[in-house]
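These notes are about the structure you will find just below.
The values are calculated or read from the model by the stated rules, or taken from the named source; none is laboratory data. Please read these numbers as outputs of a predicted model, since none were measured by experiment. Don't worry about glycine lacking a Cβ; one is built from the backbone with ideal geometry, like all the others, and counts go over all protein chains shown.
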Amino acid sequence: MIGLTSLILIIYYDFLDSCLAHLQGKFYYHMSVFFDKDICQGCGECLSVCPGDLIALDGNSKAYLPEPRRCWSCAACLKKCPFSAPALYLPPALGGRGAFLTAKRLGEKTLWTYNGPEGTRFELTSDSNKTTGY
Ligand code: SF4
Ligand code: SF4
């Protein structure tokens, strides 16, 4: 009897876990990175720096994330892309709904652009040597 109860509990928790993963995929999609397909040149540089091997090129040689919910927003792909094609969604509580960051390499510096609700934009730079490599 205890064995049957344990089995039911395992199946139940497995079901709940699947539901949670599904919901995360649906609702936390925008908490990761997206790639502007009009800008992406398909050079593949971002693929080489993603610590999770999460980026792929589609049939048109445009970067995309097959499993966006696995992205942990390290921003390595943003800093590496020579064309500023990747963008990082910010949590709504931090940047406002739909806010995202883009990055541009400027030698030893990275120029970050905040793109917020209703067209708000501002820029800041960071020293690439003082931030993590990924
Ligand atoms: S933000 Fe980091 S983990 Fe996410 S796709 Fe870019 S390089 Fe990979
Ligand atoms: S580095 Fe930029 S341009 Fe190159 S594949 Fe990645 S997103 Fe596209």
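What the table below lists for this structure:
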read-out	value
Cross-chain or 6+ apart pairs with Cβ under 7 Å, region 82-97 first and of a type in the set (S, T, N, Q), then within 14 Å of ligand 1 (Cβ to nearest atom) and in a strand (DSSP E or B)	SER84/THR102; SER84/ALA103
Residue pairs meeting the criteria (Cβ under 7 Å; at least 6 apart or on separate chains; first at positive phi, in region 39-52; second more than 9 Å from ligand 1 (Cβ to nearest atom) and of a type outside the set (D, E, K, R))	GLY42/LEU57; GLY42/SER61; GLY44/LEU57
Spans of strands (runs of 3 or more DSSP E) in region 50-121 with at least 1 residues assigned by TED's automatic domain parsing to the domain that holds ASP38, touching a strand residue (DSSP E or B) at 6+ places or on another chain (Cβ under 6 Å) and within 11 Å of ligand 2 (Cβ to nearest atom)	86-89, 100-106
